[in-house]
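S.K.: What follows is a single structure, and I will ask about it in a moment.
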Amino acid sequence: MTWWFKARRGHTLLPLALVVFAACLYAVQDNTVLLPALLGSPRVALSMFVPVPLLAFLMAVLESRLPSAEVSGVRSMTRLDNVLVTTVMAAAVLCSVLIASMQGTAAATTGGRNAVFLAGLMLLGRAWAGQTAVMIPVGWLVSVVVVGFRGNVPHSWTVIALPADNPYAAAASLVVFVVGLAAQIRTSRKTA
């Protein structure tokens with residue numbers, strides 16, 4: 001299992017990814033920016049975009065595979081991949097909670113919740129599209145910015161734009177993440 005983790009470059013990429021995630025989340029704090037949309041210019045929290053580098057690193061780790069060794073192996077690599085993804089997302093949520101407690105505001109917790117939701121979307125896409133699924137979270141972010149707001153109020157389907165204390169957003173994030181993990185197990189990719 002240690003060789004699997006090192007072959008995936010998890011020992012170097014994942015700590016770097018979590019440091020970048022935490023630093024970006026700390027840097028943006030509660031800042032918002034006006035972005036163009038179809039209907040007006042909503043104020044969008046910069047923390048919505050923080051999970052993108054983390055997901056790019058995660059996809060790089062998941063796609064750094066040794067197909068012949070993994071196909072002929074005894075252990076299920078998709079289960080190990082799911083444990084890896086779950087661990088990284090738990091670490092991201094922990095980072096966001098720690099940063100929120102340091103800043104004294106709950107806004108940073110949306111970073112972890114959004115990472116879980118977007119990782120679920122990415123895993124759903126990865127089951128069928130492979131490495132190109134790394135762009136699905138970016139596409140979701142663009143659609144949320146362009147059509148996800150009514151004035152400055154986000155629509156409920158956006159999930160990532162909802163406030164930190166929204167129970168619907170937390171539940172939707174968990175459901176999408178679990179479905180993404182299940183899709184990865186069901187449609188195991190045997191070749192790179």
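The values are calculated or read from the model by the stated rules, or taken from the named source; none is laboratory data. Here the structure is a predicted model, which is why all the values come from computation and not from measurement. Reconstructed Cβ throughout: ideal geometry from the backbone, glycine too, with neighbour counts over all protein chains shown. Ligands, DNA and RNA are excluded from the accessible area calculation, which covers all protein heavy atoms including side chains. Shrake-Rupley method; radii C 1.70, N 1.55, O 1.52, S 1.80 Å.
S.K.: Being of a type outside the set (Val, Ile, Thr) and open to solvent by 30 Å² or more (accessible area, probe 1.4 Å) is the filter here, so list the residues in the range 96-110 that pass it.
M.R.: Taking the range 96-110 and keeping what is of a type outside the set (Val, Ile, Thr), we get 96, 98, 100-104, 106-108.
Once the filter is applied, which keeps residues that are of a type outside the set (Val, Ile, Thr) and open to solvent by 30 Å² or more (accessible area, probe 1.4 Å), the range 96-110 yields LEU98, SER101, MET102, GLN103, GLY104, ALA106, ALA107.
S.K.: Do you know which residues across the range 49-75 are of a type in the set (Val, Ile, Thr) and at pLDDT below 85?
M.R.: Keep residues of the range 49-75 that are of a type in the set (Val, Ile, Thr), which gives 50, 52, 61, 71, 74.
Selection gives VAL71, VAL74.
S.K.: Follow-up question, since we're still on this one. Collect the residues in the range 40-66 that are assigned to a loop (DSSP other than H, G, I, E, B), touching a helix residue (DSSP H, G or I) at 6+ places or on another chain (Cβ under 8 Å) and either of a type in the set (S, T, N, Q) or over 20 Å from ALA91 (Cβ atoms) (or both), keeping them in residue-number order.
M.R.: Of the residues in the range 40-66, the ones assigned to a loop (DSSP other than H, G, I, E, B) are 40-42, 50, 64-66.
Within this subset, residues satisfying the condition of being touching a helix residue (DSSP H, G or I) at 6+ places or on another chain (Cβ under 8 Å) are 42, 50, 64-66.
Across the range 40-66, the qualifying residues are PRO42, SER64, ARG65, LEU66.
S.K.: Any residue at all in the range 104-116 that is within 20 Å of THR78 (Cβ to Cβ) and under 18 Å from the mean Cα position of the chain (by Cα)?
M.R.: Yes, the conditions are met somewhere in the range 104-116.
S.K.: Any chance you could count how many residues in the range 135-165 are under 20 Å from the mean Cα position of the chain (by Cα), of a type in the set (Gly, Ala, Ser) and open to solvent by 30 Å² or more (accessible area, probe 1.4 Å)?
M.R.: 4
S.K.: In contact with a Ser or Thr (Cβ under 6 Å, 6 or more places away or on another chain) and not basic (Lys, Arg): which single residue out of THR86, THR109 fits that description?
M.R.: THR109
S.K.: Then there's this: Note down all Cβ pairs under 9 Å where the first residue falls in the range 180-192 and is surrounded by 19 or more Cβ atoms within 10 Å (Cβ to Cβ) and outside any helix (DSSP H, G or I), the second is polar (S, T, N, Q) and at pLDDT 85 or above, and they're at least six residues apart or on different chains.
M.R.: Close Cβ pairs satisfying both conditions: none exist.
S.K.: Also: I'd like the residue in the range 36-48 that is at pLDDT 85 or above and surrounded by 14 or more Cβ atoms within 10 Å (Cβ to Cβ) and, out of all such residues, is nearest to VAL147 (Cα to Cα). If you could, list the steps in order and put the result at the bottom.
M.R.: Applying the first criterion (at pLDDT 85 or above) to the range 36-48 yields 42-48.
Adding the requirement that they be surrounded by 14 or more Cβ atoms within 10 Å (Cβ to Cβ) leaves 42, 44-48.
Working: PRO42: 10, VAL44: 12, ALA45: 15, LEU46: 17, SER47: 18, MET48: 15 Å.
Residue satisfying both the conditions and the ranking: PRO42.
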